[in-house]
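A short reminder: the numbers here are calculations on the coordinates, not readings from a lab. What you see is a predicted model, and the numbers here were worked out from it, not measured in a lab. For neighbour counting, all protein chains shown are included, and Cβ atoms are generated from backbone atoms with ideal geometry for every residue, glycine included.
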Amino acid sequence: MANYQSIEHDVLIIGAGGAGIRAAIEAAEMGANVGLICKSLLGKAHTVMAEGGMAAALGNVESKDNWQVHFRDTMRGGKMLNNWRMAQLHAQEAPDRANELEAYGAVFDRTPDGRILQRNFGGHLYPRLAHVGDRTGLEMIRTLQDKAVHTKGLEVHMECTIYKLLVNDGRVCGAIGYWRQTGEFVVFKAKAVVIATGGIGKSFKVTSNSWEYTGDGHAMAYLAGADLIDMEFVQFHPTGMMWPLSVKGILVTEGVRGEGGVLRNNKGERFMFKYVPEQFKKDYADTEDEARRWLDGDKTARRPPELLTRDVVARAINAEVKAGRGTPHGGAYLDIAAARSPDYIKRKLPSMYHQFKELAQVDITKEAMEVGPTTHYIMGGVRVNPETAESTVPGIFAAGEAAGGMHGANRLGGNSLSDLLVFGRRAGMGAANYAKNLKTSPALNQADIDATLKEMTAPLDRVSGENPYTIAQDLQETMQTHVGIIREEAEMKEGLEKVLKLKERASRAQSSGTRAYNPGWNQALDLRAMLTCSEAIARAAIERKESRGGHTRNDYPDYDKDLSKVNFLIKKTTAGEMGIRKEPLPQMPAELQELFKGESNATSQS
Amino acid sequence: MQPAKAETGTISRLMRVFRGDQKRSELKEFTINQHPGMVVLDAIHQIQAEQAGDLACRWNCKAGKCGSCSAEINGRPRLMCMTRMGDFAPGETITVRPMKTFPVIKDLVTDVSWNYEINKKIKPFTPKPKNADGTWRMQQYEVDRVQEFRKCIECFLCQDVCHVLRDHDKKSEFGGPRFFVRAASLEMHPLDTADRVPMIKESLGVGLCNITKCCTEVCPENITITDNAIIPLKERVVSRYFDPLAALWQKISGLPKQPRGGA
């Protein structure tokens, strides 16, 4: 049997993006001994790729803004399927978290009177996103990183992959994984574990996500017995790069549209005016002239339709391409050059300017970009208690993209960075309190550890088998084709069959070399989580026989009245199968329901 | 290197990639299919998927935002994700090596942990009290210059190219360009009150930099490292320790730091 190192913490945080680091800071400040695990080096997590900003109703640019408006925007964007309490806590606490980040040293762009500047974004009624040009995520991660390394009781473990949560007597007792650099195994004994592992984008072919997004946390929590919620809802961001092929899917920030960028088809038509859903018509401009006046600061004008929610814009681009009005590489044109001066563009969107210049040889201060939908974010995740972020398994907590419920059927841009901080903090607090109140420390199960070590070395022990990279590519192709942006029953069922076959192939994955920094072996081990998440997405998507938010079905193009009242939950059955069940939405209190008077969430969505 | 041209079609390309660790290593040849628009990181991924599954490299965002895929490409420190294959002449062999300044772990992956140790030594952000209305006010022009420093993606290419570290291996006496940028981002932060000048002189050893500007040249974020970060820090050290008038002023006024805005 392979050797392993043993490390003990009160609270183990898996994932060092915004949510994980914020959780670690909170738990450590509460006196817990905290281990923070990074799959990459510290500061490289996916949060660095967030561009546009962090939504918080600070009211610095528009004093009419407040948490109620933010809450309403969030619920409307999520097509009313959000956990109302999470959305409320998020809207209420986001301003404090933004100010706190400034106190940690973040340097946001400023208003003329010296406060934190806020920009417009899709689905947000008022300018709400605190930002730093188009590199807000980098600012957040660097600020948190520097805060964390100076926080006592917080130990950072870099380039460590966690493979499995260890559960004994129905509660968590630790986790097992390996150091990427050496391939040596490590067992963490912990009273509480926070899952902050981000998303699942690597299960799709066209994605804005990095290699780390293999759904580890979703899968580990599920395998440990936790509920997953809303897994059918995957966000396809409307604007990913289209060309060259090698950069297809890389994110083009919504900030481009927030700063005045417009979408056109190959006929030069500004097509978004045709796609404004009934529910949103009163808030969006219906002529180019009105949209232009809004951009120039006319407060009587309504917002341009490019600032509709991501699900709506992604479907619109898709429809234009299908109708033969796409760009040469199958997308839409996004033009900021016509709206803003080159200096302004370079100042407010510097990374976009460089990204297009260097990777596509396009000067966005002069030419339009070609953009199209890219797999970006999963709304679904580990089901948590809104107050404590605890999952349905005692001692397992989750925050950020790995947690579900907050965003419902569709997430608004800018609500992720704020979610990371609001619920990262709550998860850290929840985990530290749980650890403190634990009367007896759970013991590790040696047989479980031994079996897991064997499972992890298997791909290297096989003398022949399947190439793990090929299996991953086949999975990405399958999910893209069968459970992608536009879905259909028969297609998805075929997709699910393929995923199940790929599971069998994955059990024969074989890697060469040693365990030391071996991406082939790492890929072989990542397949389990990628396949588990893919299966969950496919199963939930088949069950939701309607179109809503990020989930669009050709065979059921409208909202379904009954399905507007339920979430789908996924849980491992005692037989080890993936079980799925419906559960009614938690009841929103009357005073919050007041905010939606006269609105219906059961009408057609497009 | 040739200027970028519009690329058409797939071509075959010879690559030489560093394989091995500190004990044993070689430059291994791989022939890859180069598609239009491809970057060096794509070529490395192709090799991993088809020819050498255990070829080690770091990467994350593939969009020049995370600073993970630093390497030396035909001798030049660059991000693999932002280096287009089409920028090299069709017949030219592309050689990829790990950063030389840091110990190799395996293949293209180096041990950069020293950088994280240096960072811990830098006194953290120490803000002045908030205004009566509970906010801090800063003008955009006041934050412009620290925002430049905060663009740093920690790719450590500046550390790799810096001859004080690369050729003279003065890691015990010198912090390197990255941490002058970091120190400058704190020192010039309009809200910060901590004094880092002694540390910049002693443990970061700013005096060892002789302003060859190699760091500025390789920075993928185009941070003007030497002119905007290092030289102003050198000036702060000089006026604190070597300028008699400033020393006198400091004694009389009791102010430990240079006035804000002064470089």
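First measure r as the distance between the Cβ atoms of A:Lys561 and A:Asn445, then evaluate 1/(1 + (r/R0)^6) with R0 = 41 Å and state the FRET efficiency to the nearest 0.05. It comes out at approximately 0.30. Would you list, by chain and number, the lysines whose Cα falls below 25 Å from the Cα of A:Lys299, excluding same-chain residues fewer than 8 positions away? Counting by Cα, and skipping residues close in sequence, A:Lys299 has these lysines nearby: A:Lys64, A:Lys274, A:Lys281, A:Lys282, A:Lys348, A:Lys597. Given R0 = 45 Å, the distance between the Cβ atoms of A:Lys322 and B:Asp21 translates into a calculated FRET efficiency of 0.30. Among the trypsin sites (Lys or Arg not before Pro) in the range A:40-131, those placed in a DSSP loop whose Cβ has at most 10 other Cβ atoms within 10 Å are A:Lys64.
Compactness of the range A:480-606, taken as the C-alpha radius of gyration over 2.2 N^0.38 Å, stands at 1.38.
Ranking of A:Leu58, A:Leu502 by neighbouring Cβ atoms within 10 Å, starting from the fewest: A:Leu502, A:Leu58.
Amide H contacts for A:Phe397 (H built 1.01 Å from N in the peptide plane; partners 5 or more residues away or on another chain; cut-off under 5 Å): A:Val193, A:Val194, A:Ile195, A:Ser391. Among the listed pairs B:Lys201/B:Lys251; A:Lys205/A:Lys582; A:Lys44/B:Lys234; B:Lys100/B:Lys213; A:Lys545/A:Lys565; B:Lys170/B:Lys251, those whose Cα-Cα separation exceeds 22 Å are A:Lys205/A:Lys582; A:Lys44/B:Lys234; B:Lys170/B:Lys251.
Cβ screening of chain B for cysteine pairs under 4.7 Å finds these without a partner: B:Cys57, B:Cys69, B:Cys81, B:Cys152, B:Cys155, B:Cys162, B:Cys209, B:Cys214, B:Cys219. Convex hull volume of the C-alpha atoms in the range A:443-529, normalised per residue: 129 Å³. Our summary of shape: the Cα atoms of chain B have principal axis extents of 71, 42, 31 Å, ordered from largest down, in whole angstrom.
Restricting the range A:443-500 to GluC sites (Glu not before Pro) that sit in a DSSP loop and have at most 10 other Cβ atoms within 10 Å of their own Cβ leaves nothing. Taking only the C-alpha atoms of the protein assembly as shown, the Rg (one decimal) and the largest Cα-Cα distance, Dmax (whole number), read 26.1, 83 Å. As a calculated quantity, the FRET efficiency between A:Glu455 and A:Lys274 at R0 = 35 Å, using C-beta atoms, amounts to about 0.10. Per-residue 3J(HN,Hα) values for the range A:95-105, derived from phi via the Karplus relation 6.51 cos²θ - 1.76 cosθ + 1.60 with θ = phi - 60°, read x, 5, 5, 5, 5, 5, 5, 5, 5, 7, x Hz in sequence order (x marks Gly and Pro). Note on the range A:84-173: Rg/Rh from C-alpha atoms, Kirkwood Rh, equals 1.09. When the alpha carbon gyration tensor of the range A:312-406 is reduced to an equivalent ellipsoid, the three semi-axes, largest first, read 38, 19, 11 Å.
For the range B:113-260, a/c is not less than 1.5, where a ≥ b ≥ c are the root eigenvalues of the C-alpha gyration tensor, and a/b does not top b/c. That puts it in the oblate class. Karplus-based coupling profile of the range B:10-24, in residue order and whole Hz: 9, 10, 8, 9, 8, 10, 10, 10, 5, 10, x, 10, 6, 7, 9, with θ = phi - 60° in 6.51 cos²θ - 1.76 cosθ + 1.60 and x standing for Gly or Pro. Each residue of the range A:172-181 was assigned a 3J(HN,Hα) from its phi angle through the Karplus curve 6.51 cos²θ - 1.76 cosθ + 1.60 (θ = phi - 60°); the sequence is 6, 9, x, 7, 10, x, 9, 7, 5, 5 Hz, with glycine and proline shown as x.
Of all lysines in the structure, the ones whose alpha carbon falls short of 27 Å from that of A:Lys439, not counting any fewer than 8 places away in one chain, are A:Lys152, A:Lys164, A:Lys189, A:Lys191. Which residues in the range A:276-309 have a backbone N closer than 18 Å to a point placed 7 Å from the Cα of A:Lys267 along the Cα-to-Cβ line? Only A:276, A:287-288 fall inside the zone, counting backbone N under 18 Å. Between the amide H of A:Val384 and those of A:Gly404, distances stay under 5 Å, these residues lying 5 or more places away or on another chain, with hydrogens modeled in the peptide plane. When both the range A:536-575 and the range A:249-301 are represented by their alpha-carbon centers, they are found 30 Å apart.
Among the GluC sites (Glu not before Pro) found in the range A:187-272, those both in a DSSP coil and sparsely packed, with 14 or fewer other Cβ atoms within 10 Å of their Cβ, are A:Glu269.
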